[in-house]
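To keep things clear, I will list the structure first and then write my remarks on it.
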Amino acid sequence: MEPEENYKQKIVFTKSVLTLVLKTFAVCSGQWLLPWYYVITCPTLIIWRIITYWQAQFQYFCLDYCYFGNLIISLILWFNPSNPELCSLLFSISNGMLYLGAFSFRNSLVFHSVDKMTSTYIHTVPLLLSFGIRWYPEETSRYWHASFPTDPLEPSWYWNVLGPLLVLVLHSALYTVLVNIILQPEEHIVTSYRYMTAKKSIKKVFGPNPPYRVFVAVNWILCVFMSTLSMVFYKYFYAHVLGLCVLFWYVTWNGAGYYFDVFRMSMASKNEGEAEKEE
């Protein structure tokens with residue numbers, strides 16, 4: 001590994017670990033940090049993601065629902081955070097399809113990789129934000145420009161299930177028109193549809209090259225399921241805590257797999273190559 005690249009990765013690793021400590025403090029004690037942390041870091045990381053993915057020809061991933069969901073969350077935070085209905089919607093977007101996205105894209109805590117940490121951020125930090133808003137509204141809004149609802153709605157099929165589904169349907173319509181009708185990316189360009197349908201597990205269930213309409217319909221069904229699950233998180237504190245624990249266990253386990261399997265094998269291969277050169 002080149003010294004300059006090694007130095008950059010050390011910086012990213014250090015920042016990632018310190019940020020994890022900060023988020024742990026925010027969730028457990030300083031909930032007022034959560035909205036500020038989100039609105040500062042979210043646009044910064046997404047702009048960086050758009051630039052780097054555009055250069056790598058992965059730009060169509062930036063049109064996925066995960067980014068659209070984060071946009072909706074940001075708009076609610078800035079323009080109407082005191083609305084109980086919109087905060088219920090924010091909760092189910094965060095704990096529904098964004099929650100599922102961490103599993104679908106195998107997010108992992110790889111502390112020296114900006115790309116992997118950004119992907120994990122997009123799917124996990126909205127959950128932490130929703131945790132603060134739902135269970136600690138007064139503390140979370142202490143230094144925010146408006147108060148979060150201290151008397152939240154009861155779980156609602158309208159706002160916790162139908163609302164997120166309508167957001168997804170809107171995104172599906174916009175995405176289909178923009179990507180499939182107007183832009184029509186070339187075959188070598190990777191989109192979320194092409195990425196997901198190339199997986200062996202997907203092919204086993206839906207066969208090779210499932211139609212795009214099937215892909216969209218499955219996402220809608222999963223949205224209903226995950227939004228229904230989010231109602232359990234919304235109603236019961238310990239269920240929400242358990243859901244967060246499962247998610248962070250998953251991304252941590254994937255990160256451990258990277259360091260102890262992928263990264264170790266990569267370094268071993270490199271060392272063997274250097275030894276052969278010396279001989």
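Pairs of Cα atoms nearer than 8 Å and 6+ residues apart set the relative contact order; for the stretch 32-164 it is 35 percent. Solvent-accessible area of residue 32, probe 1.4 Å, all protein chains present, reported in Å² to the nearest ten, please. Roll a 1.4 Å probe over it and residue 32 shows about 80 Å². Using a probe of 1.4 Å on the protein chains alone, the accessible area found for residue 13 is around 90 Å².
With only the Cα atoms considered, the chain has a convex hull volume of 151 Å³ per residue. With a 1.4 Å probe rolled over the protein heavy atoms of all chains, the accessible area of 49, 134, 106, 194 falls in the order 106, 194, 134, 49, largest first. Placing +1 on each Lys and Arg Cβ and -1 on each Asp and Glu Cβ, with no other charges, gives the chain a dipole about its Cα centre of roughly 520 debye.
For the stretch 5-124, the solvent-accessible area of protein heavy atoms averages 45 Å² per residue (probe radius 1.4 Å; ligands and nucleic acids excluded). Between 219, 180, 160, the Gaussian network model of the chain with springs among Cα atoms under 10 angstrom shows the greatest mean-square fluctuation at 180.
With 22 Å as the limit, the listed pairs 10/199; 116/235; 23/116; 23/199; 8/199 have 10/199; 116/235; 23/199; 8/199 beyond it between alpha carbons. Computed packing ranks the peptides 225-234, 84-93 as 84-93, 225-234, most packed first, by mean other Cβ atoms within 10 Å. For the chain, the share of accessible area belonging to carbon and sulfur comes to 67 percent (1.4 Å probe, ligands and nucleic acids excluded).
Each of 135, 36 has its accessible area taken with a 1.4 Å probe; listed largest first, they run 36, 135. With contacts taken as Cα pairs under 8 Å at a separation of at least 6 residues, the chain carries a relative contact order of 26 percent. Here the stretch 31-183 is treated as an ellipsoid with the same Cα gyration tensor; its semi-axes, largest first and in whole Å, are 26, 19, 13.
A Förster radius of 22 Å combined with the Cβ-Cβ distance from residue 209 to residue 67 puts the calculated FRET efficiency at roughly 0.30.
The values are calculated or read from the model by the stated rules, or taken from the named source; none is laboratory data. Everything numeric here is computed off the predicted structure, so don't read it as measured data. Neighbour counts run over all protein chains shown; Cβ positions are idealised from the backbone, glycine included. We work out accessible area using only protein heavy atoms, side chains counted, and drop any ligands, DNA or RNA first. Shrake-Rupley method; radii C 1.70, N 1.55, O 1.52, S 1.80 Å.
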